[in-house]
Amino acid sequence: MSLDPKLREGASPPLPGKEGCALAIIDMQNCYCDPKGYFSSRATDKEVCARVVPACAEVLAAARAASVPVIHVVKVSFSERIPTVGFHNGRRTDAMMLPGAWDAAITDALRPAPGEPVVEKLAFSAFQGTAFETMLRRMNIRQLAVVGVTTSICVESTVRDAAQRGFDVYVARDASAEWEAQRHERSIEQMGYAFARIVTARELVDAWKK
């Protein structure tokens, strides 16, 4: 049974305000966002993730101007003996994600400002095995805006977990990216159906300017 679109629309939370909202930037690291990065260099279109960096930077600047807390989330491996799961048919990729490696670093355009926390995760979701939720609760965050890569894996995993923990979640579709356009659209559709309100980067920027 499909849900009436009017019911879905009526259940959507309003656009986020400045109070009680945080911005989560997911995995905007060199390995994905630089054409020479480990994963992007192996993609058919090496610029897919790089193309959303300006939109993410615009949202980031708006959040900072509005004093909306910003949390950077990155995928890492803490040991070369711990494999990174699920990429490239099980090929070992963990060494590329070791903290301090160029591939693991956040792309320069989105580099954290002093005081902005960075959450390191081994899993796909920012909530799994981290202090991310504790951080949000301590800041009395009720709304979570999400941008980053890749849409169907770490972004969607984080969004699903956030929604099921009671947060109102917003995903900027033009500030997230996926290696394949069809997979991006399917993920956006699924998140919008049950877990988040799908918005644009401009909508977030305008909402925080009010």
Can you pull out the residues in segment 94-117 that are part of a loop (DSSP other than H, G, I, E, B) and surrounded by 13 or more Cβ atoms within 10 Å (Cβ to Cβ)? 98, 101, 102, 103, 104, 105, 107, 112, 116, 117
Across segment 177-210, what is the total count of residues that are crowded, with 20+ Cβ neighbours inside 10 Å, modelled with pLDDT of 95 or more and over 27 Å from residue 19 (Cα atoms)? 4
Search result, residues across segment 168-199 that are over 24 Å from residue 137 (Cα atoms), within 14 Å of the chain's Cα centre (by Cα) and not aliphatic (A, V, I, L, M): 173, 174, 176, 178, 184, 187
Can you tell me which residues in segment 14-26 are surrounded by fewer than 24 Cβ atoms within 10 Å (Cβ to Cβ) and either of a type in the set (Ser, Thr, Tyr) or under 18 Å from residue 155 (Cβ atoms) (or both)? 22
Of the residues in segment 118-144, those that are in a loop (DSSP other than H, G, I, E, B) and either touching a Lys or Arg at 6+ places or on another chain (Cβ under 9 Å) or at pLDDT below 95 (or both) come to 122, 123, 124, 125, 127, 128, 129, 130
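The values are calculated or read from the model by the stated rules, or taken from the named source; none is laboratory data. Since the model is a prediction, treat every value here as computed from it, not as a measurement. Positions of Cβ are generated from backbone atoms using ideal geometry, with glycine treated the same way; all protein chains shown enter the neighbour counts.
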